[in-house]
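Novice: Provided herewith is a single structure, encoded as structure tokens, for subsequent inquiry.
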Amino acid sequence: MKIAVLIKTALDTGQLRVRDTVVVEETPLKISDIDRNAVEEAVKLKGKDKAYGVTVLKWGPLQKKVQEAENVLREALAMGLDEAYLVADEKLLNASHIATAKAIAAVVKKVGADLVLAGEATVDNYTGQIPARVAAELGWPVITYARELKVEGGRVVARRDLEDHVEVVEAPLPAVVSVTREINQPRIPTLLAIRAAMKKPINRLTLADLGISVEPKISAAYKPLVIQRKKIVIKDGTPEEKAEKLIQYLRQEGVI
Amino acid sequence: MKTLVVFPNKELLYAASTLGGEVAALVFSQKEAEAVSGKAHKILVAEVDPRLPDAAAEAVAKAAAGYDLVLMPSTKNAKTVGGLAAQKLGVELLVDVLSMRAEGGVLTAERYVFGNKAVATVQVSLPAVVTVAPGRFQGEPPAVQSAVEKLALAPTSRLKIVAVEEKSRGAVRLEEAEIIVSVGRGFKKKEDLQMAFELAKVLGGQVGCSRPIAADLKWLPEEHWVGLSGKKVKPKLYLAIGISGQPQHIAGILDSRIIAAINNDPSAPIFQNADYGVVEDLYKIVPILINKISKLKGG
């Protein structure tokens with residue numbers, strides 16, 4: 001079974017560069033954490049066929065971030081993917097999800113995958129809409145928030161983890177499935193695997209290569225969220241005195 | 001302005017009314033239609049199973065014709081339906097929106113991004129689909145005359161729901177809790193969590209936890225899990241005990257009024273995100289707190 005895994009080269013939110021606004025251009029990229037679970041699941045399911053990483057670069061500047069994105073993709077290749085596709089185009093460096101889904105769907109068709117796997121959401125924007133959009137674009141069924149997945153007899157069966165209940169859902173292949181962190185424990189690649197990944201192909205594509213055009217009608221500005229906490233730390237005294245002090249503060253605040 | 005509310009509830013209908021103009025509701029049964037009667041100008045009834053995202057999205061895409069905005073709740077299923085419908089319609093989808101206004105064919109909305117460390121102000125041409133973050137639009141939708149209409153469609157779904165397993169839900173409703181005592185890896189054994197439950201009891205609060213306690217150690221069911229992929233909470237007091245304060249955890253507690261933390265490691269990041277921090281061994285201080293607070297409440 002050929003599998004395409006969606007990998008977001010996400011902003012590393014632990015290393016946000018911040019002035020008056022968030023300086024996206026200077027913030028490093030990393031693999032969106034939950035995508036590691038999607039990669040792990042693909043490596044387990046692919047059998048003798050190939051598993052492809054598919055990335056659409058969303059953060060600029062293009063030249064600088066393409067290099068970073070390739071490094072991120074090497075990580076996924078080291079985990080066991082066979083090949084990666086990186087769609088890098090100025091027209092995709094924006095907040096449009098329609099455009100992203102179109103580009104991804106085009107790559108999925110190009111590689112001829114039977115199954116698309118993705119993380120439930122990406123760590124930077126956390127919208128979780130791309131798997132559904134890609135499914136709509138391809139005309140395939142989608143199962144989101146899967147915490148368990150089986151493929152048998154041309155069908156996928158998943159346990160879909162929703163707020164108050166878990167649904168056991170079945171769909172015919174080809175299909176799109178988004179997974180949660182609970183689905184598996186992503187492997188840590190060996191040194192040997194990391195070296196081997198250096199030789200695996202990363203194919204770079206533009207929108208023109210895919211024969212699609214997009215006209216985004218969306219823009220976004222990012223302001224750092226400044227929540228001033230009081231940061232009063234009680235360090236001195238006996239446990240008894242510290243407890244007394246804490247209670248005093250909380251009573252002053254009127255919360256107990 | 002014409003707004004279509006899908007999976008309508010009081011909050012969404014109120015949010016739609018703040019934008020002005022016509023409000024319609026899309027529901028999936030006659031019973032739901034009755035529940036929103038008098039709260040939307042038009043009620044569209046589509047007889048499909050809304051648990052099947054592809055069938056529900058088909059209904060949404062059909063009902064959305066002629067509307068400027070489609071509003072939905074920020075549930076996992078609604079986001080899936082929203083993604084499918086938005087791509088079918090060729091429009092953008094904004095999720096977990098905190099505030100919004102529409103002007104001259106453009107919607108301006110705010111949402112948290114980057115692990116809740118930043119606020120994005122997004123501008124998008126209408127039509128668009130939006131899911132609204134819970135608790136942001138509090139008010140009564142105005143009373144109006146409702147016209148009920150059936151949405152004719154032959155629903156098709158390639159999904160089959162084989163089984164539904166209810167999650168064990170105790171009395172835990174962290175989203176609504178006023179006081180949360182939350183536990184992390186500082187607790188050495190599952191049995192020791194009893195202390196936190198006792199403290200929560202004397203405070204009249206509920207018990208939350210960080211990811212490792214629910215997801216890795218499984219000492220508490222997931223309904224206690226606070227954080228980016230757990231519950232997002234907004235109590236007046238969040239007391240984090242033995243929690244180091246990973247960014248994903250902090251992202252779930254941003255809306256707390258007061259955050260207090262107990263940790264024996266003075267360099268724990270939680271102290272940078274707390275109003276009041278106590279550097280102390282939780283095993284020493286928690287019993288004292290239980291004792292003192294129960295006296296306080298009793299007297």
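Novice: Determine, yes or no, whether B:Pro141 is closer than 30 Å to B:Pro247 by Cβ, part of a loop (DSSP other than H, G, I, E, B) and in the same structural domain as B:Asp54 (by TED's automatic domain parsing).
Specialist: It is false that B:Pro141 is closer than 30 Å to B:Pro247 by Cβ, part of a loop (DSSP other than H, G, I, E, B) and in the same structural domain as B:Asp54 (by TED's automatic domain parsing).
Novice: Additional query: What pairs can you find where one residue is in the range B:43-54 and more than 22 Å from A:Leu162 (Cα to Cα), the other is part of a helix (DSSP H, G or I) and of a type in the set (A, V, I, L, M, F, W, C), and their Cβ atoms are less than 6 Å apart, with a gap of 6+ or different chains?
Specialist: Close Cβ pairs (under 6 Å, with a partner that is part of a helix (DSSP H, G or I) and of a type in the set (A, V, I, L, M, F, W, C)) amount to B:Ile43/B:Ala33; B:Leu44/B:Ala63; B:Val45/B:Ala33; B:Ala46/B:Ala59.
Novice: Can I ask one more? Which residues, taken from the range B:144-163, are part of a strand (DSSP E or B) and within 14 Å of another protein chain (Cβ to nearest Cβ)?
Specialist: B:Lys160, B:Ile161, B:Val162, B:Ala163
Novice: Same structure again: Quick one: would you say B:Val119 is within 14 Å of chain A (Cβ to nearest Cβ), part of a strand (DSSP E or B) and either surrounded by fewer than 23 Cβ atoms within 10 Å (Cβ to Cβ) or in contact with a helix residue (DSSP H, G or I) (Cβ under 8 Å, 6 or more places away or on another chain) (or both)?
Specialist: yes
Novice: May I pose another question? Only one of A:Lys64, A:Lys109 is of a type in the set (D, E, K, R) and within 24 Å of A:Ile218 (Cα to Cα). Can you tell me which?
Specialist: It is A:Lys64.
Novice: Follow-up. In the range A:208-223, what residues are modelled with pLDDT of 95 or more and at the interface with another protein chain (Cβ under 7 Å from one of its Cβ atoms)?
Specialist: A:Ile218, A:Ser219, A:Ala220, A:Ala221, A:Tyr222, A:Lys223
Novice: Looking at the range B:234-245, can you tell me whether even one residue there is surrounded by fewer than 21 Cβ atoms within 10 Å (Cβ to Cβ), at pLDDT below 95 and closer than 24 Å to A:Asp161 by Cβ?
Specialist: Yes: the range B:234-245 contains one or more residues that are surrounded by fewer than 21 Cβ atoms within 10 Å (Cβ to Cβ), at pLDDT below 95 and closer than 24 Å to A:Asp161 by Cβ.
Novice: Can you pull out the residues in the range A:224-256 that are at the interface with another protein chain (Cβ under 7 Å from one of its Cβ atoms) and either assigned to a loop (DSSP other than H, G, I, E, B) or exposed (fewer than 13 other Cβ atoms within 10 Å of the Cβ) (or both)?
Specialist: Selection gives A:Leu225, A:Ile227, A:Arg229, A:Lys230, A:Lys231, A:Lys235, A:Glu253, A:Val255, A:Ile256.
Novice: Can you pull out the residues in the range B:32-51 that are over 13 Å from B:Lys150 (Cα atoms), over 21 Å from the mean Cα position of the chain (by Cα) and of a type outside the set (Asp, Glu)?
Specialist: B:Ala35, B:Val36, B:Ser37, B:Gly38, B:Lys39, B:Ala40, B:His41
Novice: Among the residues of the range A:173-196, is any within 21 Å of A:Val111 (Cβ to Cβ), surrounded by 15 or more Cβ atoms within 10 Å (Cβ to Cβ) and either touching a Cys at 6+ places or on another chain (Cβ under 7 Å) or not hydrophobic (A, V, I, L, M, F, W, C) (or both)?
Specialist: Yes, because at least one residue in the range A:173-196 is within 21 Å of A:Val111 (Cβ to Cβ), surrounded by 15 or more Cβ atoms within 10 Å (Cβ to Cβ) and either touching a Cys at 6+ places or on another chain (Cβ under 7 Å) or not hydrophobic (A, V, I, L, M, F, W, C) (or both).
Novice: Wholly within the range A:83-158, which strands (runs of 3 or more DSSP E) include no fewer than the required count, namely at least 3 residues that are touching a residue at least 24 places away in the same chain (Cβ under 8 Å) and surrounded by fewer than 21 Cβ atoms within 10 Å (Cβ to Cβ)?
Specialist: Those strands (runs of 3 or more DSSP E) span A:142-152.
Novice: Moving to a separate point now. In this structure, does B:Lys88 turn out to be within 12 Å of chain A (Cβ to nearest Cβ), without any contact (Cβ under 8 Å) to a residue 60 or more places away in the chain and surrounded by fewer than 21 Cβ atoms within 10 Å (Cβ to Cβ)?
Specialist: Judged against the criteria, B:Lys88 is a match.
Novice: The conditions are (1) within 14 Å of chain A (Cβ to nearest Cβ); (2) touching a helix residue (DSSP H, G or I) at 6+ places or on another chain (Cβ under 8 Å); (3) modelled with pLDDT of 95 or more, and B:Val124 fails exactly one of them. Which is it?
Specialist: (2)
Novice: Which of the helices (runs of 4 or more DSSP H) found entirely inside the range B:191-299 contain at least 3 residues meeting this: at the interface with another protein chain (Cβ under 10 Å from one of its Cβ atoms)?
Specialist: In the range B:191-299, the matching helices (runs of 4 or more DSSP H) lie at B:247-250, B:282-298.
Novice: Go through the range B:164-185 and count every residue that is crowded, with 22+ Cβ neighbours inside 10 Å and assigned to a loop (DSSP other than H, G, I, E, B).
Specialist: 2
Novice: Would you check if there is a residue in the range A:159-167 being in contact with a Gly (Cβ under 9 Å, 6 or more places away or on another chain), part of a strand (DSSP E or B) and either over 30 Å from A:Trp59 (Cα atoms) or among the charged types (D, E, K, R) (or both)?
Specialist: no
The values are calculated or read from the model by the stated rules, or taken from the named source; none is laboratory data. Model, not experiment: these values are computed from the prediction. Don't worry about glycine lacking a Cβ; one is built from the backbone with ideal geometry, like all the others, and counts go over all protein chains shown.
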